[in-house]
1. Tell me, in nm to one decimal, what length is gained between Ser124 and Lys55 on full extension, where the rule is 0.36 nm per residue of separation less the Cα-Cα distance?
2. Report the full-extension gain for the segment Arg36 to Leu134: residue separation times 0.36 nm, less the Cα-Cα distance, to one decimal in nm.
3. Can you list, largest first and rounded to whole Å, the semi-axes you get for the range 2-130 by taking the square root of 5 times each eigenvalue of its Cα gyration tensor?
4. Leaving out ligands and nucleic acids, note down the accessible area per residue over the range 2-130 with a 1.4 angstrom probe, in whole Å².
5. Roughly how big is the chain's charge dipole about its Cα centre, with Cβ charges of +1 (Lys, Arg) and -1 (Asp, Glu), in debye to the nearest 20?
6. Out of the total accessible area of the chain (probe 1.4 Å, heavy atoms of protein only), what percent is carbon and sulfur?
7. Looking only at the chain, where both bridge partners belong to it, what percent of the DSSP beta bridges are antiparallel (to the nearest 5)?
8. Starting from the range 1-97, pick out the chymotrypsin sites (Phe, Trp or Tyr not before Pro) whose DSSP state is loop and whose Cβ has at most 12 other Cβ atoms within 10 Å.
Amino acid sequence: MDRTLVIVKPDGVRRGLVGEVISRFEKKGFSIAALRLLSLDRNLVRDFYSPHLGKSFFPELEQFIISGPVVAMILEGANAVEVVRRMIGVTKSFEASSGTIRGDFGLGYTDNVVHASDSQESYSRESKIIFPDL
Ligand code: CMP
């Protein structure tokens, strides 16, 4: 069965959206293969977001993502990467369609409620960083 990684970012956790986000994925038919609450430190962030290291927005992203705990999960279901990306909406929440998580719950760019792996390769890399024991 296909898998993907989702992270409820610090803004989503602070705003009490964890249940809402998980509920949407459960109702869609995904099962939760792993779930953890954790705080990312700078080393972990630099590893996790390594494709963005050196980009102009990286310092703001790093500061934001270490600003509070996140909730990470591995979801299992058909075409998980593709379906979940559709369900979360585009990166800029203020441009995300209604009915998507970012479209319904935020206006931010850096603070865009959730992260989800954008490809099978990203899932493999990211899930090893967040769930090293799996
Ligand atoms: P995410 O899907 O987690 O991937 C990288 C994150 O960087 C993105 O969501 C945003 O939170 C943040 N970000 C901030 N500025 C930009 C930008 N200009 N382009 C892409 N991502 C950005």
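1. 22.6 nm
2. Result for the pair: 34.1 nm of gain on full extension.
3. They are 20, 17, 14 Å, listed from largest to smallest.
4. For the range 2-130, the solvent-accessible area averages 49 Å² per residue.
5. 120 debye
6. 50 percent
7. 95 percent
8. Phe57
The values are calculated or read from the model by the stated rules, or taken from the named source; none is laboratory data. Everything quoted here is computed from the prediction, not taken from an experiment. Neighbour counts run over all protein chains shown; Cβ positions are idealised from the backbone, glycine included. Ligands, DNA and RNA are excluded from the accessible area calculation, which covers all protein heavy atoms including side chains. Shrake-Rupley method; radii C 1.70, N 1.55, O 1.52, S 1.80 Å.
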